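See structure below.
The values are calculated or read from the model by the stated rules, or taken from the named source; none is laboratory data. It should be emphasised that the depicted structure is a prediction, and the values quoted were computed from it without experimental measurement. Methodologically, a virtual Cβ is constructed for each residue, glycine included, from the backbone with ideal geometry; neighbour enumeration extends over all protein chains shown.
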Amino acid sequence: MREGVTYKRLGEVGQVITGSTPPTKDERNYSSNDVCFFKPSDIDSTCLSELNQSEYYISNYAYERTRKLPKGSILTTCIGIIGKVGILMNDAACNQQINAIIPNVDIISSRFLGYAIISIKDKLIQSANAPVVPILTKSLFSNIAIPVPSLSAQELIVDELDSISSVISAKKQQVLELDNLAQAIFLDTFGDPITNPKGWEVKKWEDAITIINGRNQAAVECENGQYPICGSGGEMGRANEYLCPEFSIIIGRKGNINKPILMREKFWNIDTAFGIVPITDIVNADYLYHFCLHFDFELLNVTVTIPSLRKADLLKIRIPLPPLSLQQAFAEKVQAIEEQKRLINQSIAEFESLLAQRMEFHFA
């Protein structure tokens, strides 16, 4: 143990509170968007998230009757996905999938506590006690120990980690801006693909694409496979077989139906995802992908529980088809943007590695 560093349980450095959801049957709880109400989906899995806005809100009426969390509280996801960590930038509330710590500022700073919890993510995952849905109870969470140096030492550590994190955040923002640029070029070139103001020829998907059904990944998964196994959330493993050629699009058959992914390499799609393969002499993959970004697949949802799509309904989608040469010219611009993104993402990975090394140094 380093000089001046003691180990304290999370329950000793602040008040641990498990979130709760105000009853939906009482309309007063959701009559206005007064206070942020955080769920795990609001918290980034790769960094200490600064939580200043949420997907869902509750009213002041609900906030006065729920477990209040002041600005500076640290939120950690403890059911399902374990160990996503965020810091509240304003007073807020959270649901029961999250354990919050209101730090004792005489012992520990909020940001130091957030980084300390991120550093023990693997330990949190190992401590989760349910075989199907991982659950890290308030009791288990409260008893996990972290190193706690002096407040002055904490400040120096936070300054260093914040400086690296700010570079990562800035670079991630650059990637988002490049994505926005590609979409702006698409709309400027082709117009809104749903209303088709430029009057391009329209065809059904069945005339422009083929759809490949996904298959169970268990039969092909291997540790060092050549091809990615993908669902609507991205890569889930590796395989030595593939179902879809490069420049195909993944669309969720169940669950994530409105988040298409353009794959520039061959891949195996799992049974809850469709592989959308463009007929290349009719439609360009980059054009098709940006069309998918604008199309609301929720309109084709056939269930009221888990969102689901049917192959037959997808084939009936109507798509404007500008001249292939114009689509390809757009794709060349996108390729240039993708190269810029590749370089930035490579830099992000290097800074994330540096951040991990420095956290290992400070919290090991």
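Considering only residues that are aliphatic (A, V, I, L, M) and assigned to a loop (DSSP other than H, G, I, E, B), which ones fall in segment 126-184?
Those that are aliphatic (A, V, I, L, M) and assigned to a loop (DSSP other than H, G, I, E, B): ALA128, ALA130, VAL132, VAL133, LEU136, ILE144.
Determine whether segment 270-282 contains at least one residue that is over 23 Å from the mean Cα position of the chain (by Cα) and more than 23 Å from PHE186 (Cα to Cα). The answer is no, given that none of the residues of segment 270-282 is over 23 Å from the mean Cα position of the chain (by Cα) and more than 23 Å from PHE186 (Cα to Cα). Filtering segment 195-207 to residues that are more than 22 Å from LYS333 (Cα to Cα) and touching a residue at least 60 places away in the same chain (Cβ under 8 Å) leaves GLU201, VAL202, LYS203, LYS204, TRP205, GLU206, ASP207. Would you be able to say whether some residue in segment 236-252 is surrounded by fewer than 17 Cβ atoms within 10 Å (Cβ to Cβ) and within 21 Å of PHE330 (Cβ to Cβ)? Yes, that holds for at least one residue.
Residue-by-condition table, conditions (1) surrounded by fewer than 19 Cβ atoms within 10 Å (Cβ to Cβ); (2) assigned by TED's automatic domain parsing to the domain that holds PRO260:
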position	(1), (2)
PHE291	no, yes
LEU299	yes, yes
THR303	yes, yes
ARG310	yes, yes
LEU315	yes, yes
LYS333	yes, no
ALA349	yes, no
LEU354	yes, no
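For beta carbons closer than 9 Å, sequence separation of 6+ or different chains, a first residue in segment 329-357 that is under 11 Å from LYS171 (Cβ atoms) and a second that is of a type in the set (Ser, Thr, Tyr) and in a helix (DSSP H, G or I), the qualifying pairs are PHE351/SER165. So, in segment 293-315, of the ones that are touching a strand residue (DSSP E or B) at 6+ places or on another chain (Cβ under 6 Å) and of a type outside the set (A, V, I, L, M, F, W, C), which residue ends up nearest to ILE211 (Cα to Cα)? Filtering first and then ranking leaves LYS311. Determine if segment 245-252 includes at least one residue that is in contact with a helix residue (DSSP H, G or I) (Cβ under 6 Å, 6 or more places away or on another chain), touching a residue at least 60 places away in the same chain (Cβ under 8 Å), in a strand (DSSP E or B) and of a type outside the set (Phe, Trp, Tyr). Looking through segment 245-252, none of the residues is in contact with a helix residue (DSSP H, G or I) (Cβ under 6 Å, 6 or more places away or on another chain), touching a residue at least 60 places away in the same chain (Cβ under 8 Å), in a strand (DSSP E or B) and of a type outside the set (Phe, Trp, Tyr).
Of note, LYS84 satisfies the criterion of being buried (at least 18 other Cβ atoms within 10 Å of the Cβ) and charged (D, E, K, R). Considering only segment 284-292, I want to know if a residue exists there that is touching a strand residue (DSSP E or B) at 6+ places or on another chain (Cβ under 9 Å) and aliphatic (A, V, I, L, M). Scanning segment 284-292 turns up at least one residue that is touching a strand residue (DSSP E or B) at 6+ places or on another chain (Cβ under 9 Å) and aliphatic (A, V, I, L, M). Looking only at residues in segment 185-217 that are outside the structural domain of ASP271 (by TED's automatic domain parsing) and part of a helix (DSSP H, G or I), which one is farthest from ASP286 (Cα to Cα)? Among them, the one singled out is ASP188. Those strands (runs of 3 or more DSSP E) of segment 1-111 in which at least 1 residues are without any contact (Cβ under 8 Å) to a residue 24 or more places away in the chain and assigned by TED's automatic domain parsing to the domain that holds ILE135, considering only elements entirely within it, cover 56-58.
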